[in-house]
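The values are calculated or read from the model by the stated rules, or taken from the named source; none is laboratory data. Bear in mind that the values here come from a model prediction, so they are computed numbers and not experimental data. Every residue, glycine as well, gets a Cβ built from its backbone with ideal geometry; the counts of neighbours run over all protein chains shown. Accessible surface is based on the protein model in full, side chains and every heavy atom, while ligands, DNA and RNA are left aside. Shrake-Rupley method; radii C 1.70, N 1.55, O 1.52, S 1.80 Å.
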Amino acid sequence: KIGNAASAATADGIYLVGGIAADGCRAIAWVLRSKNGALVAEPLPSLPRPLGYAVAAVVGRRLVVAGGQHNLIDKAATAETWSLDLAAQFEGWTREADLPGPGIFVPCAATDAGGVFVFGGMAFSGDGKLAPSRAAYRFDVARRSWERLPDLPEPRVAAASPCARLQD
């Protein structure tokens, strides 16, 4: 059993990346799709490293995963960002620019036509104490770079990040 995977929902399926099992973080990735009335899990290439408590979003044909923790023993969050071209999965995951600032875990995400927004989350202070985050960032998928946005008015940790699709 695996929980706390990064997830992103699209019309194509629900993407799940990494997660946490009883013995630690996982690198597994898959997409859940509805086929003939049944829910089918299709494997995707595994991440290069185990990752739990990360965030994911899909922009165009690119699945982006950011933040999280590689293990639950160290008091450390990662700023790493990875992406997978869903039209060329055989190429595997691409390391993108790191999130600006300290690593974060349990942030929330949203998308626009060209980018992924990451809000809040939890970081660790220099002495290993938990530090709720007010940070906001946008990853420009075409430029493959992060932009720091103005801070949120208050910290937000593990906030729900619904993904509505509206018709124009």
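Let me spell out the model: positive unit charges on the Cβ of Lys and Arg, negative unit charges on the Cβ of Asp and Glu, origin at the Cα centre of the stretch 22-168. What dipole size does that give, in debye rounded to 20?
Taking the Cα centre of the stretch 22-168 as origin, the dipole is about 180 debye.
Straight-line reach from K129: which aspartates and glutamates fall under 15 Å, measuring Cα to Cα and dropping same-chain residues less than 8 apart?
D74
Give me the one-decimal nm value for the distance between modelled label points at S125 and S46, 7 Å along each residue's Cα-to-Cβ direction.
Rounded to a tenth, the inter-label distance reads 3.7 nm.
Given R₀ = 35 Å, FRET efficiency for R143-I2 by Cβ-Cβ distance, to 0.05?
After rounding, the FRET efficiency stands at 0.60.
With a/c under 1.5 counting as rounded, go ahead and sort the stretch 79-141 into rounded, prolate or oblate using the C-alpha gyration tensor (a ≥ b ≥ c being the square roots of the eigenvalues; past the cut-off, prolate if a/b is larger than b/c, else oblate).
Prolate shape, in that a/c is at least 1.5 and a/b is the bigger ratio.
Excluding ligands, DNA and RNA, what is the solvent-accessible area per residue of the chain at a probe of 1.4 Å, expressed in Å²?
Computed with neighbouring chains in place, this is 54 Å² per residue.
Find, to one decimal place in angstroms, the Kirkwood hydrodynamic radius of the chain, where the mean of 1/r is taken over every pair of different Cα atoms and then inverted.
16.0 Å
How high is the relative contact order of the stretch 41-167, given as a whole-number percent (alpha carbon pairs under 8 Å, six or more residues apart)?
Across the stretch 41-167, relative contact order equals 20 percent.
Aspartates and glutamates within cross-link reach of K75: Cα-Cα under 13 Å, excluding same-chain residues under 8 positions apart?
D127
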